[in-house]
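Contents: one structure, followed by commentary.
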Amino acid sequence: MKKIYANATEALDGLLFDGMFIAAGGFGLCGIPELLLQAIKDAGTKDLTFASNNAGVDDFGIGILLQTRQVKKMISSYVGENAEFMRQYLSGELELEFNPQGTLAERMRAGGCGIPGFYTKTGVGTVIADGKEHKDFNGETYIMEEGIFADLSIVKAWKADETGNLIFRKTARNFNPPAAMCGKVCVVEVEEIVPTGSLNPDHIHLPGIYVHRLIQGEHEKRIEQRTTRAA
């Protein structure tokens, strides 16, 4: 089975359709699948629902798809760095489903494990709990959250071998593994592809069984919020 593709456009060929549900990895601007997001923009696929920790910034990450009005709904934890996101949401152009970060990560992981739902205390007594099933366990109230089952997962890893075994680097490990797990098809972009067998099995963060397509590319190293001090 072919896993390595020449570029993002080729890797997404035959997978995109209007109205699809995409799980995207990354945390802030760290570890986001920027090449795949650009290819989705270029393809013009629209009415997209994204499950992602955040929506990037105005001209990077999912933000580039917000600029072109290709996103219909965001399932996210943090959206504070994107002015266009705020404008579309406040004007009613964009649907938004807020999830606490841990809940969102667990919803992705649960979907990847075939778990349709789970109970959590996070969000009890807040708007997060509105309309959700409540259940008491040992005198404590929990709400039920559903696992995420996406049409497509797009993630960014640091290194992969030719079978798709992945190693993530630092903060990029937070949301990428669960996002990779919950899609019917998972497409991964990496900085380096190494020969099969050259990765220490104890260092692999996500096994290649989850990875269907793989590309290597050059990536921009952006800083979301640059803070400096006077010399």
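The values are calculated or read from the model by the stated rules, or taken from the named source; none is laboratory data. Please read all numbers here as calculations on a predicted model, not as lab measurements. Here Cβ is always computed from backbone atoms with ideal geometry, including for glycine, and neighbour counts include all displayed protein chains. Quick note on the areas: whole protein, heavy atoms, side chains included, nothing else; ligands and nucleic acids left out. Shrake-Rupley method; radii C 1.70, N 1.55, O 1.52, S 1.80 Å.
Find the accessible area per residue for the chain; the probe is 1.4 Å, ligands and nucleic acids are left out, and the unit is Å².
Accessible surface, normalised per residue, equals 49 Å².
Expected output is a single nm value to one decimal: the length gained when fully extending between GLU218 and ALA43, i.e. 0.36 nm times separation in residues minus the C-alpha distance. What is it?
Length difference between fully extended and current span is 61.0 nm.
Report the Cα centroid-to-centroid distance between segment 117-136 and segment 68-113 in angstrom, as an integer.
Here the two parts' Cα centres lie 18 Å apart.
Compute the distance in nm between two label points, each set 7 Å from the Cα along the Cα-to-Cβ direction, one at THR122 and one at LEU90.
The answer from the label model is 2.8 nm.
Give the shape of segment 163-226 as rounded, prolate or oblate, defined through the alpha-carbon gyration tensor: a ≥ b ≥ c are the square roots of its eigenvalues, a/c under 1.5 means rounded, and otherwise the shape is prolate if a/b is larger than b/c and oblate if not.
Cα axes put segment 163-226 in the prolate bin.
What is the P(r) of segment 29-79, as percent of Cα-Cα pairs per 5 Å bin from 0?
Going out from 0 Å in 5 Å bins, segment 29-79 shows 5, 23, 36, 28, 7, 1 percent.
Quick one: pull the percent of accessible area on segment 92-231 belonging to carbon and sulfur, 1.4 Å probe, ligands and nucleic acids left out.
48
Hey, rough spin-label estimate for ASP13 and LYS72, points 7 angstrom out along Cα→Cβ, what's it come to in nanometres?
2.7
For a quick check, take a GNM of the chain with Cα springs below 10 Å and name the residue from PHE137, PHE168, PHE60 with the largest mean-square fluctuation.
Of PHE137, PHE168, PHE60, the most mobile in the Gaussian network model is PHE137.
LEU96's amide H: which non-local residues (gap 5+, or another chain) put their own amide H closer than 5 Å, with H modeled 1.01 Å from N in plane and none for Pro or chain starts?
The answer is MET74.
What 222 nm value per residue comes from the helices of the chain, counting each DSSP H run with n ≥ 4 as -39,500 (n - 2.57) and dividing by all residues, nearest 500 deg cm²/dmol?
Roughly -5000 deg cm²/dmol at 222 nm, from the helical runs in the chain.
Let me check something: with ligands and nucleic acids excluded, how do TYR142, TYR119 order by accessible area (1.4 Å probe), largest to smallest?
TYR119, TYR142
Using a 7 Å offset from the Cα along the Cα-to-Cβ direction at both ILE204 and ASN138, what is the distance between the two label points in nm, to one decimal?
3.6
Is segment 50-183 rounded, prolate or oblate when judged by the Cα gyration tensor, a ≥ b ≥ c being the square roots of its eigenvalues, rounded requiring a/c under 1.5 and prolate requiring a/b larger than b/c?
Taking the square roots of the gyration eigenvalues as a ≥ b ≥ c, segment 50-183 is oblate.
How many percent of DSSP beta bridges within the chain run antiparallel, rounded to 5?
30
If you take the square roots of the eigenvalues of the alpha-carbon gyration tensor of segment 106-231 and sort them as a ≥ b ≥ c, do you get rounded (a/c under 1.5), prolate (a/b over b/c) or oblate?
Judged from the Cα gyration tensor, segment 106-231 comes out oblate (a/c at least 1.5, b/c at or above a/b).
Efficiency by 1/(1 + (r/R0)^6): what FRET value for GLU146 and THR228, r their Cβ-Cβ distance, R0 = 35 Å, to the nearest 0.05?
E(calc), rounded to 0.05, equals 0.25.
Taking loop as defined by DSSP and a crowding limit of 13 other beta carbons within 10 Å, which GluC sites (Glu not before Pro) in segment 172-231 fit?
For GluC sites (Glu not before Pro) across segment 172-231 that sit outside H, G, I, E and B with at most 13 neighbouring Cβ atoms in 10 Å, the list reads GLU218, GLU220.
Indicate, rounded to the nearest 5 percent, the antiparallel portion of the DSSP beta bridges found entirely in segment 96-212.
Just about 50 percent of them are antiparallel.
Where the only charges are on Cβ atoms (+1 Lys, Arg; -1 Asp, Glu), what is the dipole of the chain about its Cα centre, to the nearest 20 debye?
340
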